[in-house]
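Just so it is clear, none of the values below were taken in a lab; they were calculated from the coordinates. Since we're looking at a predicted model, the values are computed, not measured.
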Amino acid sequence: MPDPEYTSMEHVEKTVRELLTEMKDTSEVIVDLAYAALLYNSEDMAEKVNELEKEMTNLKYAIRFKVLMASRNKRDAQQLSGLLQVASAADIISDAAVDIVNLLSLPLERRPFVSAMLSESDEKIRATKVKPESSMVGYTIGKLGVEACTGCRIIAMKNRQGWTYDPDDDIKIRAGDDVIIRGSDDGYKHLVEYTTGSKPWEFPEVSEDEEETTPQEEAASINEPEEEEEN
């Protein structure tokens, strides 16, 4: 029977590589969301941070489970101990993220250091809204290659349906979306030019085989009748 600290056994079926990759990705997202929650005084983001921390605990348990199952002798234990160290380090990061969002319980006047602290970072947490005239509208994050083109990573998006955290590449950008990003000053400046429509999005060149249709062309093709085959 698992320790009461752990709420799920689903991760034990994954490979160690998959578990470590998920822990790495989660540890990056949880820190970004923690700072964003503090910067924008968001209880919703703080709640997501706590959810991710519980998920990280389950991932750490799965790693331990895998190591115990694979360790047959002293030599195995020595070789696999590094995995436990990596898992513990990621778990410590997630615990620190929870400590960060716990500062939300303090009144704003008692945490004036937060803005100054975040402003000194090379990569800052910022927000921008996608305007209807933006050429990003209708394209997926993956098609746009937002991080590759601007250096800004989208850590959360908000639309009429609510928040999406660590959005996947297949998520489409819609007019009116609030986008929370982590990036440099220059990267954020370029991204705002795109989200406000003051500058058209610059797509990377693709070959004819890789060329994809635009959202407008895709929508138009749906209404086109199919040609009947000749007998």
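Roughly speaking, what is the stretch gain from Asp186 to Glu28, that is 0.36 nm per residue apart minus the C-alpha to C-alpha distance, in nm to one decimal?
This chain segment gains 54.7 nm when fully extended.
So how much slack lies between Asn41 and Val114, counting 0.36 nm per residue of separation and subtracting their Cα-Cα distance, in nm?
Additional length available on full extension: 25.2 nm.
So how much slack lies between Ala175 and Gln161, counting 0.36 nm per residue of separation and subtracting their Cα-Cα distance, in nm?
Using 0.36 nm per residue and subtracting the Cα-Cα distance, I get 3.7 nm.
Identify all lysines with a Cα-Cα distance to Lys66 below 26 Å; exclude those on the same chain that are fewer than 8 residues away in sequence.
Lys14, Lys24, Lys54, Lys74
Tell me, what ³J(HN,Hα) does each residue in segment 68-82 have, in order and in whole Hz, if you take phi through Karplus 6.51 cos²θ - 1.76 cosθ + 1.60 with θ = phi - 60° and put x for Gly and Pro?
So the J values, rounded to whole Hz, are 5, 6, 8, 7, 10, 8, 4, 5, 4, 4, 5, 5, 8, 4, x.
For segment 124-140, just list the computed ³J(HN,Hα) in residue order, Karplus coefficients 6.51, -1.76 and 1.60, θ = phi - 60°, integers in Hz, with x standing in for Gly and Pro.
The phi angles translate into 10, 8, 9, 10, 8, 10, 7, 8, x, 7, 5, 6, 7, 4, x, 9, 7 Hz.
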